[in-house]
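Before anything else, here's the structure in question.
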Amino acid sequence: MKQKKQLIKGNHAIGKAAIEAGCNFYAGYPITPQNELTEYMAKHMRLNKRPFVQAESEVSAINMVFGAGAGDARAMTSSSSPGVSLKQEGISYIAGAELPCVIVNMVRGGPGLGNIAGAQSDYFQSTRGGGHGDYRLIVFGPNSVQELYDFTMKAFDYADKYRMPVMILGDGYLGQMMESYIPHKYEPIKNLPKKKWALTGCKGRKKNIVKTLYLTPENALEEHNLKLNEKYKKIQKEIQMYEKANADDGEIIVVSYGTASRVVKNVIEFFNKNSKKKIGMFRPISLWPFPATALRNLKCKKFLVVEMSMGQMIEDVKLALFGKKDVTVNLIKRPGGMIPTEDEIKDKIEKMIG
Amino acid sequence: MKTQDKLTKLIIAGFGGQGVLTMGVILANSAVVEEKNATWLPSYGPEMRGGTANCNVIVAEEEIGSPIITSPDILVVFNLPSMEKFLPRLRKGGILIYNSSLIKKKIERDDIKKIALPLVELTKKIKNPKVGNMIALGSLLKLTGLVSKDSVVESLKKNFKDKKELVEINKKALDLGYEYVKS
């Protein structure tokens with residue numbers, strides 16, 4: 001029997017998936033804890049005769065991706081928190097110009113240079129757009145090396161389908177860890193539209209224009225924003241991804257994503273084995289669109305949000321539950337690159353049970 | 001004492017350069033060769049330069065939750081600072097494998113199994129000071145049966161595919177560690 005499982009580093013799994021999904025332009029600038037991804041792309045883009053650029057800065061890298069995306073490239077850049085902050089201007093332009101691209105953020109502790117440990121403190125920046133203007137990104141928050149691989153492939157498809165940037169929001173721990181995963185063939189989603197809008201040379205056809213400047217408010221920029229908003233509303237209907245366990249009859253539901261959700265998984269198993277109380281979990285996978293409908297439909301009244309930040313996703317949890325009677329939402333927060341321990345989550349749950 | 005547990009948690013720690021992270025990768029990969037699940041989480045960052053390095057390794061038949069280990073079943077330490085840091089966290093009844101060439105201090109805990117490996121002396125036997133990690137891994141396999149020696153050899157071949165000459169010496173070290181704990 002041929003070996004199915006493989007061991008791979010999180011950052012490498014993203015690079016491998018990108019190559020397999022046909023990424024044909026990569027630009028990046030080194031930063032820990034995502035360096036192995038840039039390193040992987042440097043080697044493998046060359047092996048596949050595709051362009052790899054180590055740009056002179058993050059700003060430069062995202063603008064190269066802007067240009068490549070305006071052509072018909074499947075373009076990608078990656079960085080970690082301070083570097084992704086630098087990219088925000090470019091991301092706003094790409095969203096405004098309705099171009100596809102994939103952005104990877106292996107989040108580290110902040111603010112400022114912070115540290116190089118994994119964190120979840122870029123949730124606001126990622127799910128609210130991040131740069132200037134009214135725009136959104138599709139944001140995936142994988143919690144395993146397998147999901148880093150799977151969602152990187154999906155990210156290219158969704159970027160092309162909806163003509164917008166898609167972000168993989170990981171964290172330093174996910175990027176640095178190695179884990180068993182099962183590689184598989186890349187299969188694009190059905191009915192990917194042709195890129196008729198792309199700047200590919202207009203000989204024999206009407207010229208295409210890619211722009212973000214709409215000088216007049218009326219009948220121009222307002223209209224453009226309304227059009228973008230229609231697209232975002234459509235995506236909110238079409239993509240709301242999550243995983244849940246014991247969620248329909250759990251007395252308390254623990255909500256977490258990414259690395260934090262791995263710790264929560266252990267806690268849920270502990271209560272399954274050792275307690276009569278049923279504790280459930282809800283894990284958003286698409287962070288934007290946030291799986292609000294599914295969360296709101298749960299009967300549970302007591303929620304516990306566990307985050308590796310001072311509490312950012314908790315705002316989306318509260319928005320999803322807004323107006324529901326007698327619902328309480330508690331928080332465990334560990335900022336600065338710390339990971340909540342199983343014990344502190346267990347203690348909090350015990351207290352909530354009362 | 002063979003581990004029949006469905007999920008085994010190990011912390012491996014020592015000075016940067018003692019092969020701590022490599023030992024973890026080889027072990028995790030050997031588990032995957034056997035179609036098991038594995039996670040390997042390294043300490044990374046400034047502490048790696050000259051300070052202590054460590055990795056958390058989990059090997060399991062089932063799906064692995066948190067890759068972060070609070071209380072390991074097995075602790076492998078190559079120097080004193082690592083032992084002092086992690087020994088209090090080793091679970092009751094767990095296994096401590098330690099480098100007795102560098103750790104001369106009496107080990108205070110009596111609720112664990114202690115295996116002393118004089119790695120400096122042992123590596124002299126095979127005339128290579130760099131393969132203490134594989135000696136420790138050999139002993140670990142003998143004690144726990146966590147993965148098979150064949151799987152480790154396969155992982156060594158994968159890990160050293162660009163430096164094939166290193167497979168043989170690492171295999172030798174693995175055997176030495178495997179035989180050492182019998183006596």
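The values are calculated or read from the model by the stated rules, or taken from the named source; none is laboratory data. Fair warning: this is a prediction, and the values are worked out from it, not measured in the lab. Glycine also receives a Cβ, built like all others from the backbone with ideal geometry; neighbour counts cover every protein chain displayed.
Filter the stretch A:118-129 down to residues that are part of a loop (DSSP other than H, G, I, E, B) and surrounded by fewer than 21 Cβ atoms within 10 Å (Cβ to Cβ) and give me whichever is modelled with the lowest pLDDT. Explain how you work it out, then say what you get.
Initial filter on the stretch A:118-129 (part of a loop (DSSP other than H, G, I, E, B)): A:119-122, A:128-129.
Narrowing the set further to residues that are surrounded by fewer than 21 Cβ atoms within 10 Å (Cβ to Cβ) leaves A:128-129.
Numbers: A:ARG128: 97, A:GLY129: 94.
Step by step, filter the stretch A:118-129, then rank; the result is A:GLY129.
Moving on to the next point. Can you tell me which residue is farthest from the other protein chains (Cβ to nearest Cβ) among those in the stretch A:148-171 that are among the small types (Gly, Ala, Ser) and in a helix (DSSP H, G or I)?
Within the stretch A:148-171, the match that is farthest from the other protein chains (Cβ to nearest Cβ) is A:ALA159.
Can I ask one more? Filter the stretch B:69-94 for residues that are out of contact with any strand residue (DSSP E or B) (no Cβ under 6 Å at 6 or more places or on another chain) and within 14 Å of another protein chain (Cβ to nearest Cβ); which is nearest to B:LYS114 (Cα to Cα)?
So the residue we want is B:ARG91.
Taking the options A:ILE339, A:ILE345, name whichever one is surrounded by 18 or more Cβ atoms within 10 Å (Cβ to Cβ), touching a residue at least 60 places away in the same chain (Cβ under 8 Å) and in a loop (DSSP other than H, G, I, E, B).
None of the other options fit; the residue is A:ILE339.
Out of the residues in the stretch B:21-52 that are modelled with pLDDT of 95 or more and away from chain A (no Cβ under 11 Å), which is surrounded by the fewest Cβ atoms within 10 Å (Cβ to Cβ)?
Selected residue: B:THR22.
Moving to a separate point now. Here are some residues: A:LEU174, A:LEU221, A:LEU226. Which one is within 14 Å of chain B (Cβ to nearest Cβ) and not in a loop (DSSP other than H, G, I, E, B)?
The conditions single out A:LEU174.
Still on this model: Hey, can you tell me all the residues within the stretch B:95-119 that are among the small types (Gly, Ala, Ser) and either touching a strand residue (DSSP E or B) at 6+ places or on another chain (Cβ under 7 Å) or within 14 Å of chain A (Cβ to nearest Cβ) (or both)?
B:SER100, B:ALA116
B:GLY17 is checked against (1) among the small types (Gly, Ala, Ser); (2) away from every other protein chain (no Cβ under 13 Å); (3) buried (at least 21 other Cβ atoms within 10 Å of the Cβ) and fails just one. What number does that condition carry?
The failed condition is (3).
With the stretch A:1-107 as the region, which helices (runs of 4 or more DSSP H) entirely inside it contain at least 1 residues that are of a type in the set (Phe, Trp, Tyr) and assigned by TED's automatic domain parsing to the domain that holds A:GLY172?
It comes to A:35-47, A:58-70, A:88-96.
Any residue at all in the stretch A:299-312 that's surrounded by 20 or more Cβ atoms within 10 Å (Cβ to Cβ), part of a helix (DSSP H, G or I) and modelled with pLDDT of 95 or more?
Scanning the stretch A:299-312 turns up no residue that is surrounded by 20 or more Cβ atoms within 10 Å (Cβ to Cβ), part of a helix (DSSP H, G or I) and modelled with pLDDT of 95 or more.
Return yes when B:ILE64 is in contact with a Leu (Cβ under 9 Å, 6 or more places away or on another chain) and within 14 Å of chain A (Cβ to nearest Cβ) and no when it is not.
yes
Further, regarding this structure: For the condition closer than 19 Å to A:LEU321 by Cα and assigned by TED's automatic domain parsing to the domain that holds A:THR341, what is the one hit in A:ILE268, A:ILE253?
A:ILE253
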